[in-house]
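Here the structure comes first, spelled out in structure tokens, and everything after it is commentary.
The values are calculated or read from the model by the stated rules, or taken from the named source; none is laboratory data. Just so it is clear, the structure is predicted and the values come from calculations on it, not from any experiment. Quick reminder, even Gly has a Cβ in these numbers, built from the backbone with ideal geometry, and neighbours come from all protein chains shown. Please note that ligands, DNA and RNA were not included when accessible areas were found on the heavy atoms of the full protein model with its side chains. Shrake-Rupley method; radii C 1.70, N 1.55, O 1.52, S 1.80 Å.
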Amino acid sequence: MAFTFAAFSYIIALIVDAFLIFFAIFHIIAFDELKTDYKNPIDQCNSLNPLVLPEYALHLLFNTLFLIAGEWFSLILNIPLILYHINRYRTRPVMSGPGLYDPTSIMNHEVLSQCQREGWVKLAFYLLAFFYYLYGMIVSLISGAA
């Protein structure tokens, strides 16, 4: 059992992916609170917007490690979400600070539904990716011994 850089990148991906799962769950709960009028949009956007760039940075972090380690399949699996994040941030509403969510438009039914759907899809992706990273870590640890 050898500890390679690929195994290290999968271990980092597992840890970071756990944080991304919690971010996705937090987003889903936040949008549900908006939908049921439990919280006002300004407070909700103020709590969601600071999490957008850290989420993107964490996702890019372990994909950079995959690139360095030569884990091409893992990188290819993540490229669509990376491109979606870039496009989503590039086409965000005009705002004074970083983030994606504008309090004036978040209560629009279409925008709220899209944000909820995005949260559920990201949660599914991160959960599936978590188990794939676990598998990749085990395979890289076992194959490194040979």
request  = Search the range 47-65 for residues that are under 15 Å from PRO98 (Cβ atoms) and pair each with any residue that is outside any helix (DSSP H, G or I) and open to solvent by 20 Å² or more (accessible area, probe 1.4 Å) when their beta-carbon atoms are under 7 Å apart and the residues are at least 6 apart or on different chains.
outcome  = ASN49/GLY97; ASN49/PRO98; VAL52/PRO98; LEU53/PRO98
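Checking the conditions here, which among TYR84, TYR132, TYR126, TYR56 is aromatic (Phe, Trp, Tyr) and more than 15 Å from ILE21 (Cα to Cα)? Can you show your working first?
Numbers: TYR132 fails: more than 15 Å from ILE21 (Cα to Cα); TYR126 fails: more than 15 Å from ILE21 (Cα to Cα); TYR56 fails: more than 15 Å from ILE21 (Cα to Cα).
Every option except TYR84 fails the conditions.
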inquiry  = Suppose we filter PHE8, PHE31 for residues that are modelled with pLDDT of 90 or more, within 13 Å of MET137 (Cβ to Cβ) and not aliphatic (A, V, I, L, M); which single one remains?
reply    = PHE8
task = Looking only at the range 102-123, decide whether some residue is open to solvent by 60 Å² or more (accessible area, probe 1.4 Å), of a type in the set (A, V, I, L, M, F, W, C), over 17 Å from PHE19 (Cβ atoms) and over 19 Å from the mean Cα position of the chain (by Cα).
result = yes
query = Can you name every residue in the range 22-62 that is over 30 Å from LEU75 (Cβ atoms), in a helix (DSSP H, G or I) and open to solvent by 20 Å² or more (accessible area, probe 1.4 Å)?
reply = ILE29, ASP32, GLU33, LYS35, PRO41, ILE42, ASP43, ASN46, SER47
message = Based on this model, can you work out whether LEU81 counts as open to solvent by less than 40 Å² (accessible area, probe 1.4 Å), in contact with a Gly (Cβ under 9 Å, 6 or more places away or on another chain) and touching a residue at least 12 places away in the same chain (Cβ under 8 Å)?
response = no
message = I'd like the residue in the range 87-146 that is in a loop (DSSP other than H, G, I, E, B) and of a type in the set (D, E, K, R) and, out of all such residues, is nearest to PHE73 (Cα to Cα).
response = ARG92
